[in-house]
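A quick write-up on the structure given underneath.
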Amino acid sequence: MVANTDNGASPDIQCRSLTKAFPGNVEVLRPLDLEIAGGETTALVGPSGCGKSTLLRLIAGLETPSAGEVLIGGVSPAEMLRDAGLAVAFQDPSLLPWRSVRGNIELALKLARRPADPRAVEDLIRLVGLEGFADTRPGALSGGMRQRAAIARSMVTRPRLLLLDEPFGAVDELTRRQLADDLPPLWEKRQTTTLLVTHSIGEAVLLSDRVLVLTPRPAEIIADIRIELERPRAPAVTGSTEFRRLVEAVSEALAEGVRATKPPLAAQ
Ligand SMILES: Nc1ncnc2c1ncn2[C@@H]1O[C@H](COP(=O)(O)OP(=O)(O)OP(=O)(O)O)[C@@H](O)[C@H]1O
């Protein structure tokens, strides 16, 4: 099948009857149908353990579906990975300990068989606030700094699909805000299809074009909320009535999902 992966377009994501169960009858995803448009940023929010990371890993091709399929720009995640059009950054950044921050970022280019691009590497190091630490090895960085290095590494190949699992999980509040301000314009400019998992409802609303709210496991989509806030989003947007309305809508959907799946008290 011809994919829209070699013309530079941001790929869409299709999940068709996607189902996942782990051994021991752990049903994580009921047949899930989902379409995500190319170039958009979508956030997945849901209670802890509902299956957000599993869904992301299925889309990344790091897990195999029990049934159903994932198509990215019309091809399998494995094909997309081969084409280096897909990049992932997970909670626990697996940086190579013997390479510096710069070395880890450069390696991503090398593995994707892309030419060295010292300027892009330095720009990204600056963007994630690690200037002065380019020659430092991960062991000498804080958790938040390692996370930022991993974000830079995931972006250096200019992937058309970016999958981020709690990208700002280990980052302090100030840096978190800085990244939330700096990264979306870059994703927008590059038209990257971005799917991110976050526990922060505010972050989901601030960063995304669409927020998908999942129920407790087995995960189902209980709400699909469009975020029509104007872009670029100034930090002040978080004080607006519309922002607060959207945060409230996501919180309400989350609570509704928990209520709908909780057995009645007598049955507990
Ligand atoms: N490899 C595995 N083998 C068995 N069970 C697994 C495996 N990976 C995940 N699970 C189970 O699947 C369920 C969903 O896990 P997942 O990590 O996708 O949830 P999550 O929504 O991302 O959670 P959190 O928000 O806490 O990170 C959990 O009950 C988890 O224990």
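What follows draws every value from the coordinates through simple rules; no lab data is involved. Just so you know, these numbers come straight off a predicted model, no measurement behind them. Positions of Cβ are generated from backbone atoms using ideal geometry, with glycine treated the same way; all protein chains shown enter the neighbour counts.
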**Study point:** Among Gly144, Gly132, Ile105 - extreme Cα towards positive end, dipole of the range 80-150, charges at beta-carbon
**Key:** Ile105
Check your understanding: Convex hull over the alpha-carbon atoms of the chain: what's its volume per residue in Å³?
Key -> 142 Å³
Revision key, fill the gap. Quarter of the surface of the C-alpha convex hull for the range 151-268, i.e. direction-averaged projected area in nm², equals 8.7 nm²
Practice item. With viscosity set to 1.306 mPa s and temperature to 10 °C, compute the Stokes-Einstein D of the range 104-220, Rh being the Kirkwood radius across alpha carbon pairs; µm²/s, no decimals. Key: 104 µm²/s
Revision key, fill the gap. Taking the chain, the lysine pairs whose C-alpha atoms sit under 26 Å apart (8 or more places apart or on different chains) add up to 4
Practice item. Pop a pseudo-label 7 angstrom from the Cα along the beta-carbon direction at both Leu107 and Glu252 and give the gap in nm to one decimal. Key: 4.8 nm
Practice item. May I ask for the percentage of alpha-carbon pairs in the range 73-125 that lie more than 15 Å from each other? Key: 56 percent
Practice item. Quick one: order Arg177, Arg259 by neighbouring beta-carbon count within 10 Å, fewest to most. Key: Arg259, Arg177
**Study point:** Pair Ser48, Arg137: separation of 7 Å Cα→Cβ label points (nm)
**Key:** 3.3 nm
Point to revise | Cα-based convex hull volume of the range 35-125 per residue, rounded to whole Å³ | key: 147 Å³
Review point. By Kyte-Doolittle mean hydropathy of at least -1.0 and Cα axial length of at least 24 Å, which whole DSSP H helices of the chain are selected?
Key: 241-261
Exercise for review: Might you report the magnitude of the Cβ-based charge dipole of the range 116-176 about its Cα centre, with Lys and Arg at +1 and Asp and Glu at -1, to the nearest 20 debye?
Suggested key: 180 debye
Check your understanding: What number, rounded to the nearest 500 deg cm²/dmol, is the helix-based mean residue ellipticity at 222 nm of the chain, given -39500 (n - 2.57) per DSSP H run of at least four residues and division by all its residues?
Key -> -11000 deg cm²/dmol
Check your understanding: Once the Cα gyration tensor of the range 159-217 is found, what semi-axes does its equivalent ellipsoid get, as square roots of 5 times the eigenvalues, in whole Å, sorted largest first?
Key -> 18, 16, 10
Review point. Taking the Cα centre of each part, how many Å lie between the range 138-202 and the range 225-261?
Key: 20 Å
Exercise for review: Can you put Trp187, Trp98 in order of Cβ neighbours within 10 angstrom, beginning with the fewest?
Suggested key: Trp98, Trp187
